[in-house]
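Contents: one structure, followed by commentary.
The values are calculated or read from the model by the stated rules, or taken from the named source; none is laboratory data. Just so you know, these numbers come straight off a predicted model, no measurement behind them. Cβ placement follows ideal geometry from the backbone for every residue including glycine, while neighbour counts extend to all protein chains displayed. Just the protein is used for accessible areas: all its heavy atoms, side chains included, with ligands, DNA and RNA removed. Shrake-Rupley method; radii C 1.70, N 1.55, O 1.52, S 1.80 Å.
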Amino acid sequence: MICQKTEAAVFFSAVKRFDLPCLKEEDIMQAVTGKQISFAYEDGYVVNPVLEDISFAIEKGEFIAVLGANGCGKSTLVRLLNGLLPLEKGQLKVWGLDPRQESQLRELRRLCGMVFQNPDNQFVSAIVEEDVAFGLRNYDTPEEEIPERVRRALSLVGMQGYERHSPHMLSGGQKQRVAVAGVLAMEPEILIFDEATSMLDPQGRREVLACLKQIHGMGKTVLMITHYVEEALGADRIFLMQGGKLCKSGSPREILTDRDLLAQAGLIPPLAVRLYHDLRDSGILLDRCPLTSEELVEELCRLK
């Protein structure tokens with residue numbers, strides 16, 4: 001607790017440089033709070049509701065997987081966090097900052113970094129190190145600090161040695177890791193991965209997921225938007241979304257072993273859970289429902 005208080009005090013002191021008089025130190029002890037959030041897209045005279053009355057809270061340092069089928073509203077939800085979409089109804093605070101306040105958006109977007117689905121759409125330079133430095137220069141970072149922050153960010157994602165490479169000549173996983181480095185260089189407190197693995201091959205997905213795990217291990221708050229249930233296994237909590245609503249929040253074991261709940265959300269359980277139910281339906285009962293392949297092997301060994 002002493003460490004958490006000290007970190008909060010340091011963060012609060014840094015944010016005060018941006019002249020945000022409404023910000024109180026106690027506001028930043030929780031990373032994100034949302035209350036009764038609703039959102040709709042308008043197409044001419046037609047209003048298409050996307051989010052409906054969503055409330056949630058995310059603690060500092062948590063790894064949250066926002067899980068749901070395509071079109072359930074999960075990407076819309078996280079794009080409200082850093083003001084990429086305007087908040088229409090409800091209340092939202094991100095590190096005590098309000099996305100509705102124009103004066104707070106600049107710092108909010110630095111503190112809440114986002115990695116998108118297609119890495120090619122995020123590159124603005126023909127050289128890796130220049131691309132990673134782009135955001136730093138936009139935020140008027142002293143030029144003498146930039147090389148070290150770029151070096152550190154590339155090292156964190158395992159891309160040191162690629163500084164002079166062209167991003168477009170890299171593999172899909174390498175491109176996405178460079179995109180992550182560009183976000184990390186800004187020293188955000190929250191990282192959002194918005195379907196960041198959906199366009200990658202299996203090797204690229206493994207690279208990005210390993211990078212995500214390392215970032216969370218550094219104490220960063222991580223939100224991962226995905227429709228792959230296996231990617232949610234390592235999360236602290238899962239927000240399960242269906243039809244624009246947050247239908248349940250809970251641990252991976254609580255959410256991913258509930259076959260009926262996942263079916264209602266249009267998702268298929270992990271392989272170990274499916275095999276557990278197949279065995280049970282055929283009369284072979286395991287002591288518990290395994291969540292991972294390793295747990296499934298343990299349960300099968302107990303049968304013997």
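So the values come out like this:
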| quantity | calculated |
| --- | --- |
| From 158, 182, residue being assigned to a helix (DSSP H, G or I) and of a type in the set (Gly, Ala, Ser) | 182 |
| Any hit, segment 129-150, residues being farther than 18 Å from residue 188 by Cβ, in a loop (DSSP other than H, G, I, E, B), open to solvent by less than 60 Å² (accessible area, probe 1.4 Å) and touching a residue at least 24 places away in the same chain (Cβ under 8 Å) | no |
| Positions within segment 275-292 being open to solvent by less than 70 Å² (accessible area, probe 1.4 Å) and assigned to a helix (DSSP H, G or I), in sequence order | 275, 276, 277, 279 |
| Among (1) out of contact with any strand residue (DSSP E or B) (no Cβ under 7 Å at 6 or more places or on another chain); (2) crowded, with 16+ Cβ neighbours inside 10 Å - the single one residue 102 does not satisfy | (2) |
| Failed item, numbered, when residue 154 is tested on (1) at positive phi; (2) buried (at least 21 other Cβ atoms within 10 Å of the Cβ) | (1) |
| Given (1) within 24 Å of residue 129 (Cα to Cα); (2) of a type in the set (Lys, Arg); (3) crowded, with 18+ Cβ neighbours inside 10 Å, index of the condition residue 206 fails | (3) |
| Residue selected from segment 42-79 under the condition farther than 23 Å from residue 215 by Cβ and of a type in the set (Gly, Ala, Ser), by the criterion most open to solvent (accessible area, probe 1.4 Å) | 71 |
| Checking residue 121 against (1) loosely packed, with under 13 Cβ neighbours inside 10 Å; (2) touching a His at 6+ places or on another chain (Cβ under 6 Å), the condition it does not meet | (2) |
| Of all residues in segment 80-94 being aliphatic (A, V, I, L, M) and open to solvent by 10 Å² or more (accessible area, probe 1.4 Å), the one that is nearest to residue 247 (Cα to Cα) | 87 |
| Odd one out for residue 174, checked against (1) closer than 19 Å to residue 121 by Cα; (2) not in a helix (DSSP H, G or I) | (2) |
